[in-house]
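The values are calculated or read from the model by the stated rules, or taken from the named source; none is laboratory data. Every value quoted in this text rests on a predicted model; they were computed, and no experiment measured them. Every residue, glycine among them, receives a Cβ derived from its backbone with ideal geometry; neighbour counts consider all protein chains shown.
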Amino acid sequence: MPDPVIDLLVQNHAGVMSHVTGLFSRRAFNLEGILCGPVEDGAQSRMFLLVNEDRRLPQLLNELAKLYDVIHVELRHDIPRQAFDPMQVVREEV
Amino acid sequence: MKRNGAEIIVEILERQGVRTVAGIPGGANLPLYDALRDSSIHHVLARHEQGGAFMAQGIARVTRRAGVCLGTSGPGATNLLTAIADAKLDSIPLVIITGQVPLAMIGTDAFQEVDTYGLTLPITKHNFLARRPDELLHILPEAFRLAESGRPGPVVVDVPKDVQTGECEFDAWPEPWSNSAPAPCNPSEIDALACMIHDAKRPVLYIGGGILAAGCEAELAQLARRNSIPVICTLMGLGVFPADDPLYLGLLGMHGSRATNLALEEADLLIALGVRFDDRATGKVAAFCPQAKVAHIDIDASEIGKIRPADLSIMGDVGQALRQLLPLMDAPPRDTWRSRIAQIQIDFPPAQPDSDHPLHPIRLLREAARLLPHDTIITTDVGQHQMWTAQIYPFRHPRTWLTSGGLGTMGFGFPAAIGAALARPDRTVLCVTGDGSFLMNNQELATLAELGLNVKILLMNNGHLGLVRQQQELFYGERYHATRFEARTDYAALARCFGVKGVTLDPLEDPAEALARIFAQPGPCLIEAPIPENANVYPMVPPGAANRDTIGGTVHA
């Protein structure tokens, strides 16, 4: 099964990324990968956070759901790790 | 209509029913102070932003409404941080409005510029950086809603100076935020809880600050008494259930009584209401209530199962849950459990003074409790005096006990006492403090002198950072270091310098008469009590140990 990915729908404004990543950094919980882009005409953003299996994950999902700008949280296991490989974008450009 | 940002802030505060704000002006919030000059809101000029924010906390803790404080950019904002973090950990509603450098200067290392948004991000329930004056019409009511609803907490609104001066046109004022009735709890979960309580032979109620936030002290007392369930309090939960009730077992955890920790050891059901299984309360988690099933009710889903998995969890307002639960409950007498609880209380009585010193803190506190009205509001700082007060003082009413629980902030008690007295001028307020803690916000003596409020300060002076010294004695082989104050400070004279009455108790005399005389006079007074230097707080569970592994508590009984 692919690694866990946290799928987030958030309000798109400055500060949202800090609120989300802050929850991880202050728990010394590493984010393996972040994919983020605007949706809904830029009013919202969709974030995919690649994480490792960890017993603290359910707690983190609860904390994410509490954030003011988070609209929806879901844990999924169907996104391949390669989606987070930055080199694939660079290779395509070259 | 047309208003500038500062006028919008002030008018929304008024419409929200805010009567008192505390703070300090500076360059970046001058437009706000200019607008405040024409307002009916009482502004209390603190002498340090942290003092102002703790005054706002004092107001919030006694009223259950958001306290408001103001600070300027840069050092104004950084000085507020400790009190904001304190409010976050104790779930206290605060709205903090900070000035910021003008928008165009943000990010240029301008004079008194600091990233208030970034600094307050991990210590607030939420924070806002206003970018346009019209945004304030949305942000401010939201700030009050967020601060007071659900699990309360602090909300920062950072307002650049040009957003305060900038004008905008709008048609109508936003509706002030007001709390609506809590959502009903899932009836099948309430049924399951009723069955669990009915089946339990040895249930205990483990209650905390969530009961105060929900304002459901009466429902809790009804559940405890009708079902003969003993009540155990966290540090935040003191005052929720009257200390003179036979079902009251008091504080649990690190400095809880042996009776309390033993009752938890024997319990078969832990009914956890508005608590978060804090490490100072549970001790070693694996050994906490080893025989008990856990039913956990909390408004914050992220608390349930965080530390201890619950056998039954209900996510919702604890008052709402109790109101749904009570009609389903029978009233079992639980004679065996009640007599066991009574026996434990006889076997392990409350802490006693460990010396004949007339000013032993336990004697002082018993005397204060005897002399002061039942509804006196007690605030404390952090340290030995705080733990003695939590153990000894017979709290009978909710919101008469204000203490820094989660963050454990020395310097909390005195400005919080000023805030409490501002909110409840009809009451006596007693700040119990230590010499270490008091110096961390003593500048507010100037504020108290101006206000003339009925705040008494009982300063227990042992010339040490006593609780740290105690840990060096017990856990560091008496290798004392940096816990003794070499300089002897005359605290009564310090108070008098600020224009506040100050007296020193005679260490050789029974303090009853002096205390009676001082408490009988309205107005502020600092009472310095030279307490024995080496008195320790017992019982004590060593950090990281199980609650059953208590030091002291019987030897001194």
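Listing for the model above:
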item: Residue in the range A:66-76 that is farther than 19 Å from B:GLU303 by Cα, at pLDDT 95 or above and among the hydroxyl-bearing types (Ser, Thr, Tyr) present; result: no
item: Search result, residues across the range B:1-45 that are farther than 19 Å from B:ALA77 by Cα, over 27 Å from the mean Cα position of the chain (by Cα) and not in a helix (DSSP H, G or I); result: B:MET1, B:LYS2, B:ARG3, B:ASN4, B:ARG37, B:ASP38, B:SER39, B:SER40
item: Where a residue in the range B:121-139 is within 9 Å of B:CYS168 (Cβ to Cβ) and its partner, wherever it lies, is aromatic (Phe, Trp, Tyr), with Cβ under 7 Å and at least six apart; result: B:ASP134/B:PHE170; B:LEU137/B:PHE170
item: Spans of strands (runs of 3 or more DSSP E) in the range B:89-175 with at least 2 residues within 14 Å of chain A (Cβ to nearest Cβ) and within 22 Å of B:PRO31 (Cβ to Cβ); result: B:126-129, B:154-160
item: Among residues of the range B:464-499, those that are touching a residue at least 12 places away in the same chain (Cβ under 8 Å), small (Gly, Ala, Ser) and over 19 Å from B:GLY434 (Cβ atoms), counted; result: 1
item: Filter result (more than 12 Å from the chain's Cα centre (by Cα) and either closer than 21 Å to B:ARG276 by Cβ or small (Gly, Ala, Ser) (or both)) within the range B:86-102; result: B:LEU94, B:GLY99
item: Residue check, B:ARG363 within 30 Å of B:GLN57 (Cα to Cα), crowded, with 19+ Cβ neighbours inside 10 Å and within 14 Å of chain A (Cβ to nearest Cβ); result: no
item: Subset of the range B:279-299 (residues that are at pLDDT 95 or above and not small (Gly, Ala, Ser)); result: B:LYS293, B:VAL294, B:HIS296, B:ILE297, B:ASP298, B:ILE299
item: Residue tally, condition under 21 Å from B:MET315 (Cβ atoms) and small (Gly, Ala, Ser), over the range B:267-280; result: 2
item: Every residue from the range B:327-356 that is crowded, with 16+ Cβ neighbours inside 10 Å and among the β-branched types (Val, Ile, Thr); result: B:ILE341, B:ILE344
item: Verdict on B:LEU508 being of a type in the set (A, V, I, L, M) and either assigned to a strand (DSSP E or B) or loosely packed, with under 15 Cβ neighbours inside 10 Å (or both); result: yes
item: Answer residue from the range B:46-57, given it is outside any helix (DSSP H, G or I) and within 21 Å of the chain's Cα centre (by Cα) and is farthest from B:PRO75 (Cα to Cα) among those; result: B:ALA46
item: Subset tally (residues that are within 21 Å of B:ARG340 (Cα to Cα) and of a type in the set (D, E, K, R)) for the range B:254-284; result: 4
item: Matching entry among A:LEU61, A:LEU35, A:LEU67 (being within 14 Å of the chain's Cα centre (by Cα), surrounded by 13 or more Cβ atoms within 10 Å (Cβ to Cβ) and either of a type in the set (Lys, Arg) or more than 26 Å from B:SER149 (Cα to Cα) (or both)); result: A:LEU35
item: Filter result for B:GLY210 (small (Gly, Ala, Ser), part of a helix (DSSP H, G or I) and in contact with a helix residue (DSSP H, G or I) (Cβ under 9 Å, 6 or more places away or on another chain)); result: yes
item: Complete set of residues in the range A:35-61 that are more than 14 Å from every other protein chain (Cβ to nearest Cβ) and touching a residue at least 40 places away in the same chain (Cβ under 8 Å); result: A:LEU35, A:MET47, A:PHE48, A:LEU49, A:LEU50, A:VAL51, A:ASN52, A:GLU53
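Listed here are the residues, each with its yes/no results for (1) in contact with a His (Cβ under 8 Å, 6 or more places away or on another chain); (2) crowded, with 23+ Cβ neighbours inside 10 Å; (3) in a loop (DSSP other than H, G, I, E, B).
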site: B:PRO358; (1), (2), (3): no, no, yes
site: B:GLU367; (1), (2), (3): no, no, no
site: B:ILE378; (1), (2), (3): no, yes, no
site: B:LEU407; (1), (2), (3): no, no, yes
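Residues are listed down the side, and each one gets a yes or a no for (1) in contact (Cβ under 8 Å) with a residue 40 or more places away in the chain; (2) among the aliphatic types (A, V, I, L, M); (3) surrounded by fewer than 23 Cβ atoms within 10 Å (Cβ to Cβ):
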position: B:ALA143; (1), (2), (3): yes, yes, no
position: B:GLU169; (1), (2), (3): yes, no, yes
position: B:PRO176; (1), (2), (3): yes, no, yes
position: B:SER188; (1), (2), (3): no, no, yes
position: B:TYR206; (1), (2), (3): yes, no, no
position: B:GLN222; (1), (2), (3): yes, no, yes
